[in-house]
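S.K.: Mind having a look at this structure? Questions to follow.
Here, each number is a calculation from the coordinates, and none is a lab measurement. Note that this is a predicted model, so its numbers are computed, not measured. Counting neighbours? That spans all protein chains shown, and the Cβs are built from the backbone with ideal geometry, glycine included.
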Amino acid sequence: MWCLPHPQRPDHMLVLLDTEGLGDVQKGNTQNDAWIFALAVLLSSTFVYNSMGTIDQNALEKLHYVAELTKKIHAKSSGRCQEEENSAEFVRFFPAFIWAVRDFTLQLKIDGRTITEDEYLENALKLQQGNTEQIQKCNIPRLCIRKFFPSRKCFTFDRPANKRKLHQLEELKEEDLEPDFLEPVINFCEHIWNTSQPKTVPGGRIVSGAMLANLTKNYVEAINSGQVPCLENAVLALAEIENAAAVREAVSRYEELMEKRMKLPTETVEELLGVHAECEREATGGFMARAFGDHIEKFQADLVRNLQQKKDEFCKRNEQVSSDRCLAVLMDLSQELEDAITNGIYCVPGGYRRFLGKLLEIEEKYRLVPGKGIQADKALEEFLKSKRSVAESILQMDKTLSEKEKEIEAERARAQEAQLQQQLLEQEQAKLAQMVEDQKRSHEEQLQQLQEKVEREKQVLQEETEKMVQHKLKEQEQLLKEGFDQQAREMQSEIQHLKEKNSTSTLAVVMSSLENMLPHVLSLVGQGLQYHIFSSMAKPSSNSDPSSKQPKPKQSKE
C-alpha cells in the first residue's frame, strides 16, 4: 500500500493497493487468488487488472476469478437474497474496471479499421454465439465483467525498454524508457487522476482512512474465519464505529464552542440558551455530516442526551460562578456592617433604624455592581435571610420602639421577605419555562435535521439506482444487438426489480428513520417536562395522599 496526497484534488489521498500476482502454480491454496481478487474489488474505487500480450480467450479464461465473485462477495446479509439478486447489486458498489495490457504488440485494427483501446476491449468482451457448454463457459467471464462493473476502460502498453535493458528495468531512468511506453503511461495516470472517484460505501458515504482500515479488517477477518465477506454487515459495523465517533466529536465540538463563546456568568438565562442553541446547531450539523447508515437516529438520540447533559453542566457552572461572584461582592459590601454588629454598635436605642438603613445601603450598592450573573437576586435573598435573626435581636433590644411598633416592624420584615421569595419563585418559573421552550426548540431542530439527512440519503439512493438502471439498460441494448435475447430478458428482469425495490426502499428509509427517532425524541421531551415540573412543585400539603394514582391515559398509535 502507498498513500500520497492526490496530485489534483486537495484534501484527498490517493491510496494505491498492489496485490501479488495471480495464477502462481507454487501457491498451495487454489482459492487464495480468488480471495485476493475479491478483496481488491471490495476495497478499491478503481480496479486495474494487468495482463500480458493480448486480450484473447486465454486471457479471459485466466480472469475466471470474476465469475467466482458471486460466491466470494455478498451484497446483503446471509439468507436475504438469491445469488442472482446478490450479483445484480454488484454494480452499485463495484469499482471502475481498467484492463491494462502489458507488452502489447498488436495493431489496434479490426477488419482493416483502426480502433481505440476501449473498442478493442469491447470487441474482446462480445459474447460468442452458441449453446454448447464450452461456449457458455467462455461467455461467463465476459458477461460478468459487463454486468458487475459500472464502467470499463482499456490501456495498452508497449515494452518499457528493449531486451538488453529489461533486466535493468528497476535502475533505468525515465529518459531511458521507450516513448511508446511512456505516452500511454502518461495517459493512464491522467485518467486515474481525473476520473477515479473517491471510495464510497452504499449511500454515497466517502470512506476515510480510518474507515478503509476498519473495512479491510472486517473483510479479512470474515475470509480468515471461513465466511463470505458481506458488504451490508461490513457497512453496518463501520457505521456503528463511525457514528459513535461522530457523537464524541460533536460533543467535543459543542464543549469547545461553548467555552469559546460563553462568558460566565451570564446576566440572563436567555443569553446562555442563545449561545447553547448556536453551539448545539453547529455540533449537530457536524454529526449529521459524518454519520451514515440506517440507524442514525439511535446515535442522534445519544447525541441529544449528551448535549443535554453538557448544557446542564454549563448551567450549573454558570450558577456557581454567579453565586461565587455575588458572595464576594456581598462580603466586601457588608464588612463594615459585620464589624458594627460585632462591636454592638446597633444594640442601642435607635439602633434598629440604623441597622435597616445600613442593610438598604448595602442592597442599593449591590444592585449597582455589574456582572453578578443570574444568581444575583437569590444571593441577595440568602444574605438578607442570614441577617434576619440579628435584625430580630436588635429590634427587641431597641428601647425607642413600643411593643406595637416592634410587631409592625416584624410584620413588615416578614412581608418584605415573602415578597422577595415570591419574586425569586417567579424568576425560577420563568427560567424553567425558558428551559422547556429551549428543549422544544432543540427537538424540533433535531427532527428537522434528521428529515433533511434522510432526504439527502434518499436522493443519493435514487441516483445510485438510476446509474445502475442506465448501466443495465446499456448492456441490455448491447445484448439485443448481439442477438442474445435470453440474456437481454434476464437483464430486463433485473432492471424491473431495481425500479420496484427503489420505490419501496426509498419510502422505507424515510419512514424507518422518522419512526425510530420519534420514541427517542418523545422520551427526551417527557424527561425534560417531568424534570421541570417536579423541580418547580411546592411541597405537598399534609392532607395529600401520596398513594393516590391518576389513571394512565390510553396510548394511541398516532
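S.K.: Sorted by average packing, counted as other Cβ atoms within 10 angstrom per residue and highest first, what order do 451-460, 2-11 take?
M.R.: 451-460, 2-11
S.K.: Compute from the Cα atoms of the stretch 184-259 the Rg and the Dmax, the latter being the longest Cα-Cα distance, and quote both in angstrom.
M.R.: 17.3, 56
S.K.: Let me ask you something else. At 7 Å along Cα-to-Cβ for each site, give me the label-to-label distance between Ala413 and Lys298 in nm.
M.R.: In this crude spin-label approximation the distance works out to 6.3 nm.
S.K.: Quick one: Cα convex hull volume of the chain, Å³ per residue?
M.R.: Output value, Cα hull per residue: 246 Å³.
S.K.: Any idea what Rg and Dmax come out to for the stretch 207-359 if you just take the C-alpha atoms, in Å?
M.R.: Here Rg and the maximum Cα pair distance are 28.1, 98 Å.
S.K.: Quick one: Karplus J couplings for the stretch 141-154, per residue in order, coefficients 6.51, -1.76, 1.60, θ = phi - 60°, nearest Hz, x for Gly and Pro?
M.R.: Karplus values, whole Hz, x for Gly and Pro: x, 4, 5, 5, 4, 5, 7, 7, 8, x, 8, 8, 8, 10.
S.K.: While we're on this one: DSSP loop (so not H, G, I, E, B), at most 11 other Cβ within 10 Å: list which GluC sites (Glu not before Pro) in the stretch 331-399 pass both filters.
M.R.: Loop-located and lightly packed - none at all.
S.K.: Let me ask you something else. Set the bar at 23 Å for Cα to Cα. Now go through Lys472/Lys501; Lys76/Lys501; Lys358/Lys385; Lys263/Lys378; Lys453/Lys474; Lys378/Lys440 and name every pair that lies beyond it.
M.R.: Violating the 23 Å limit, Cα to Cα: Lys453/Lys474; Lys378/Lys440.
S.K.: Quick check: the angle from helix 351-368's long axis to the longest principal axis of the chain, C-alpha only, nearest 10 degrees?
M.R.: Here the helix axis deviates by roughly 20 degrees.
S.K.: How far apart, in nanometres, would the label points at Val460 and Glu500 be if each is projected 7 angstrom from Cα along the Cα-to-Cβ direction?
M.R.: Rounded to a tenth, the inter-label distance reads 2.8 nm.
S.K.: For Gln470 and Cys189, calculate 0.36 nm times their separation in residues minus their Cα-Cα distance, and state this gained length in nm to one decimal.
M.R.: Difference between extended and current length: 98.4 nm.
S.K.: Compute the acute angle (0 to 90°) between the alpha-carbon long axis of helix 32-43 and the principal axis of greatest extent of the alpha-carbon atoms of the chain; round to the nearest 10°.
M.R.: 50
S.K.: I've got another one for you. What does the extension gain come out to for Glu437 and Glu267, with contour length at 0.36 nm per residue minus their alpha carbon separation?
M.R.: Computed gain between Glu437 and Glu267 is 59.3 nm.
S.K.: Starting from 0.36 nm per residue, how many nanometres of slack lie between Arg388 and Gln309 once their C-alpha separation is accounted for?
M.R.: Net length gain for the segment: 24.7 nm.
S.K.: Once you put a point 7 Å from the Cα of Lys260 and another 7 Å from the Cα of Thr342, both along the Cβ direction, what distance in nm separates them?
M.R.: My value for the distance between the label points is 4.8 nm.
S.K.: If you wrap a convex hull around the alpha carbons of the stretch 452-505, what volume per residue comes out, as a whole number of Å³?
M.R.: Cα-based convex hull of the stretch 452-505, divided per residue, equals 44 Å³.
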